[in-house]
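Colleague: What follows is a structure written as structure tokens; I'll ask about it next.
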Amino acid sequence: MEGSEVTGGSIMLTQVVQAVFTALSVGSMYALIAMGITLVYSATGIINFAQGEFVMLGGMVMVTLYGEMHWPLCLAVPIAIVAAVVVGMGLMKVAYRPGKSTSLISVFIIALGASLFISGSAGNVWDHSIHRYPPFSGEVPIQLLHATIMPQSLWIIGVTAALVLLLALYFRFTMLGKAMRACAIDRTAASLMGIKAKRMVLLSFMMSSGLGAVAGIVITPLLMTNTDVGMQLALKGFCAAMLGGMGSVVGGVLGGFVFSFLESFSATFIPGALKDVITFIVIIGVLLFMPSGLMGERNTEGLEEEEVFKE
């Protein structure tokens with residue numbers, strides 16, 4: 001009996017550790033998507049439901065350049081990011097047209113249409129099959145407490161941590177970062193001070209699409225991708241941003257990891273048919289009792305109350 005109890009405890013510990021490893025990897029991707037959604041929301045007050053398409057584009061361009069044509073990472077990665085950024089700039093210029101008076105429902109439909117257009121165009125360029133390419137550091141798993149973590153997971157977690165730090169430094173210490181914060185607080189006042197608000201909006205779209213591309217680049221060797229995953233990823237990124245606090249970059253990161261941990265532990269300990277239901281029940285419960293998300297009350301314009309960005 002004691003031996004079986006020890007074995008059962010060891011199995012349980014292994015399952016928990018494995019669930020944590022999985023949650024950290026997937027949560028990093030959700031955090032990057034949520035940060036991208038938050039950047040655009042802070043600058044424009046609109047929600048970019050096409051954000052998941054940038055993740056798809058980053059992964060699919062890498063499938064071609066790195067996976068099939070065998071370009072070196074130092075060339076393939078920048079080109080994949082630039083490709084997504086160019087699409088992001090086009091999306092802002094053509095679809096959102098800052099400065100125009102557009103109703104929220106119109107913006108919502110535009111975002112959905114843009115997502116479907118990008119997805120359909122990518123399906124014609126590539127196909128609708130599932131793709132991946134070799135991990136950056138091999139496929140030999142690392143053992144820890146009888147659980148395994150893939151080397152690519154360390155890339156995902158490390159890149160996400162580096163980008164969060166760089167964003168914090170960017171908004172705190174650079175002139176462009178401070179200009180973006182000013183536009184998020186009061187676009188009219190920022191314009192009177194000489195800040196080009198439209199340029200800041202364009203920059204937010206560029207940064208958002210770049211973050212999405214990076215997420216696609218690092219996650220594709222682990223979770224694979226296809227041209228139809230964008231909307232699902234955007235929905236989960238939106239849930240993460242809402243859970244953490246819409247308009248809060250730090251909240252978006254927190255929400256991404258909370259959402260991922262809920263998913264991972266639900267998949268581990270709850271029957272498959274119920275795991276998604278439990279995850280969304282918890283999220284709905286949080287938002288019912290904490291409408292501003294886990295980070296507490298936030299200004300709807302976004303970034304000015306971020307602790308990490310305060311002067």
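Colleague: What percent do you get for the relative contact order of the range 47-88 when only Cα pairs under 8 Å and 6+ apart count?
Modeller: Values: 20 pairs, mean separation 19.2, N = 42.
Averaging sequence separation for qualifying contacts and normalising by length gives 46 percent for the range 47-88.
Colleague: OK, next. Rounded to the nearest 0.05, what FRET efficiency do F117 and A161 give with R0 = 35 Å and r taken as the Cβ-Cβ distance? Could you check?
Modeller: Working: r = 33 Å, r/R0 = 0.95.
Approximately 0.55, to the nearest 0.05.
Colleague: Taking the mean number of other Cβ atoms within 10 Å as a proxy for protection, how do you rank 209-217, 225-233 from highest to lowest? Please list the in-between numbers first.
Modeller: On the way: 209-217: 29.4, 225-233: 20.2.
Result, highest mean first: 209-217, 225-233.
Values in this text are rule-based calculations from the coordinates and carry no lab data. The structure displayed is predicted, hence computed values, not measured ones. Here the Cβ is made from the backbone with ideal geometry for all residues, glycine too, and neighbour counts use every protein chain on show.
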